[in-house]
1. Only Cα pairs under 8 Å and at least 6 apart count here; give the relative contact order of the chain as a rounded whole percent.
2. Calculate the all-directions average of the projected area of region 542-642's alpha-carbon convex hull, and give it in nm².
3. I need the phi-derived Karplus couplings for region 262-269: 6.51 cos²θ - 1.76 cosθ + 1.60, θ = phi - 60°, integer Hz, Gly and Pro marked x.
4. If you rank T186, T150, T701 by how much accessible surface each has, with a 1.4 Å probe, what is the order from largest down?
5. If you filter region 127-165 for GluC sites (Glu not before Pro), then keep DSSP loop positions with at most 12 other Cβ within 10 Å, what is left?
6. Would you mind getting the accessible area per residue of the chain, heavy atoms of the protein chains only, 1.4 Å probe, in Å²?
7. May I ask you to derive the relative contact order of region 399-470, considering only C-alpha pairs under 8 Å and at least 6 residues apart, and to give it as an integer percent?
8. Say each of Y55 and V246 gets a label point 7 Å from the Cα, pointing the same way as Cα to Cβ; how far apart are those two points in nm?
Amino acid sequence: MKKPLVLFCLFAIFFSSNALAFDYVLWYKQPATDWNEALPVGNGRLGAMVFGSYYRETIQLNEESLWAGYKTEANANAAAYLPEIQKRLINGEIAGAAELSEKYMKSDPLRIRSYQSFGDIYIDFYADRDAVPHVENYRRDLNLETGITTVQYRIGESTFTREVFASAPDNMIVIRLHADKPGQLTFRLSYSREQDATAYPSPAANKALDIQGQIVDLPFKDAGETGRHMKFAGQIRGANKGGTLVVSDNSFYVENADEVIFYFTGATDYNFKELNFDRTIDPAAVCRNILDKADLSNYDVIKERHIREHSAIFCRTSFVLGETTMDFEPTDERLKNVQEGREDLSLIALYFQYGRYLLMNSSRSPGILPANLQGIWNKDMNAPWSSDFHTNINIQMNYWPAEVCNLPETVIPFSNLINALREPGRITARKTYNSAGWTMNHLTDPFGRTAISDGVGWGTFPIASSWLVLHQWEHYLFTRNKAYLKDEAYPSMKEAAEFMLDFLVEDKNGYLVTAPSNSPENRYQLPDGTSFMLTYGATMDVEIIRELLNACLSAGKELNIDATFRKELERAMKKLPPIKIGKRYNTIQEWIEDYEEVEPGHRHISHLFGLYPGTTIRAADKELFAAARRTIERRRKYNEGEVKLGSYTGWSRAWMINFYARLSDGEEAGDNVQKLLAKSTLLNLFDTHPPFQIDGNFGGTAGIAEMLLQSHTDEIHLLPALPSSWGKTGEIKGLCARGGYIVDIKWENGALLQARIISPNDGKYKVRYKEKVKTFSGKGETMIDAQLAAFK
């Protein structure tokens, strides 16, 4: 009863397209030589990176809440000085405004601390490399459909197999070692961490290691108090068939076994409700309870339960593109061929599904936190950018594929964090911005940071709350869950809008503008040559506010509440400044003034928020639409041309894919998919900033979906940006459109062959293909051909 489950999933996905099961497998002929080649498994709460060595296996571990730092109220008491700062910005006294801001708006502490690795499991098979016999038929792989990474090789007459997976139902990581000949397994498995943890034989469980730790925060500039902070614990239990298994110090010693299975779980004393660690939580007891609940005596049951849960989510969406002959080549060799100029369409399909795999395994129950800058996978004690929740593009990009790619449950930890931030965000709104409602700035952490961070110019981003709550609105648009809208989304949206209504000030032209703010991480130059980040009325701010107020108006009408508040929103909407096309370069202005750009190839393209993920720059406004294209071209000129005044990152390349998809330019979108793989993808298909940053994976997956299906204009638009090179044959199933629709699309020779739309209700909906638009109605399945004629 075990194998048919997986086969059914594969059959359901691939039968109609004659694709093969290995479409969704990353595989290699050699072990990983570093972390960026290792393969990830996760269950939303626990993560592991598996290297696959036959000499010394490394399995690097993560638990989502293991962070340095602590909860602190860091907000600057700047409310009394805000009017003068705003006045100076609007009057063009930028240097004076920046000076006041630096003096009064700095938070204390100014920085946060890092998400940390849980440590490493090492499995030593030999005393040194010279002792390793000849290895044959080596293969390691990651099956995206089952969520299992496997290592297999042959030494002499014996074949050795290792399986590692992170089970969500049983809330643990499972490691199985097996030899096809009896008595062939002899090794040492040990736990180690760079700092702040020890492992020892468990006094409470047979054949078990207990792990105990507490993060010690040492002095770090602007990062607050030192001391012993978050506590954590783990337990590893072992079970052997044949031979012996003993526990000593921090290790298991195995001799002459046939098979050995290890079960690991970890926990901290983090309490999400408190946004802080909680000394009433005993993480060691949490670990014992998790492992006690599982039936560790039956590996096959645990594995089947994991596959059933994992594949039920993953298999909702399938994607077949081009021929699959290249699937017989190892993934790293395929990627290197792409880097040398070869197009590999089925690798694009694999990359798309890998993004879905990474999101579902870094943001869902049993996890409680959203995906961070590295999802859930981080090897460092002080990670790049602290592996934090960056809220000026990065966490938002993490969730761009969630709805359209049929992973709505991944949004729930994100939505829950947004709502949890409202309480500290009210303090930030009041103390720093002299306003009602709630807000935050350009980053946060599990301790609920909403204060300005890293620096005033860099970190002043009070539009962040307005952007975050738009994801809650999107979740409603896709799911049509009115209870979620009423209880979760709308209260947060309304309070973010209340902040904006209070925070906005009139400029010299009578427009309502944000002040202070910035266009994320970018600088402008004044005629005297000085440059600044701090500004007022940045174009991104205006675009986000317009989206937010429109969303609140629609939500209020849906719920039939807040008529008076809706009138306030309508009045404010009329006073927002328009999106401007600058005379300097005939592009969309990034700032309210037509400033010179310090870095015209900057990685952030914030002023095109209205094109994507926003909806205010549309094809119907031909002038803005054309200016958006010119804006992209200018950015690319200074990234890809001879004169480079800027730098691409993986995630900014992914954003380009989405931009071109919205411009209905399949050729440029496809070219940027190719460049994302060729220039910004590591050998394990992780995105690189550099270094590794997971948002590019998610943005790339979202962009591919956006090329094939769009629904932001109240139409279900089929194949809006299909590249000619993708056109010979392709099929995608299980995408989602706003309104709760499930969409399958099949094409051939560059044209739509057929589509299936499953409607959740009896209402009418419009479908577009190229210039043809037709209205359909009725609940259930509708089959559509290239003429938009319903034939079922």
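The values are calculated or read from the model by the stated rules, or taken from the named source; none is laboratory data. The shown structure was predicted, so the numbers you read here are calculated from the model rather than taken from an experiment. All Cβ positions, even for glycine, are placed from backbone atoms using ideal geometry, and neighbour counts span all protein chains on display. Protein only, heavy atoms only, side chains kept; ligands, DNA and RNA dropped before computing areas. Shrake-Rupley method; radii C 1.70, N 1.55, O 1.52, S 1.80 Å.
1. On the way: 1846 pairs, mean separation 95.3, N = 792.
Once divided by the residue count of the chain, the mean separation gives 12 percent.
2. Numbers: hull surface 29.8 nm².
Quarter of the Cα hull surface area: 7.5 nm².
3. 10, 10, 10, 9, x, 7, 10, 9
4. Numbers: T186 65, T150 30, T701 0 Å².
The ordering from most to least exposed comes out as T186, T150, T701.
5. Details: sites: E136, E145, E157, E163; in loops: E145, E157.
Here the sparse-neighbourhood loop sites are E157.
6. Values: 28640 Å² over 792 residues.
Using a 1.4 Å probe on heavy atoms only, each residue of the chain averages 36 Å².
7. Details: 85 pairs, mean separation 16.4, N = 72.
Once normalised by length, the contact order is 23 percent.
8. Label-label distance for Y55 and V246, simple model: 2.8 nm.
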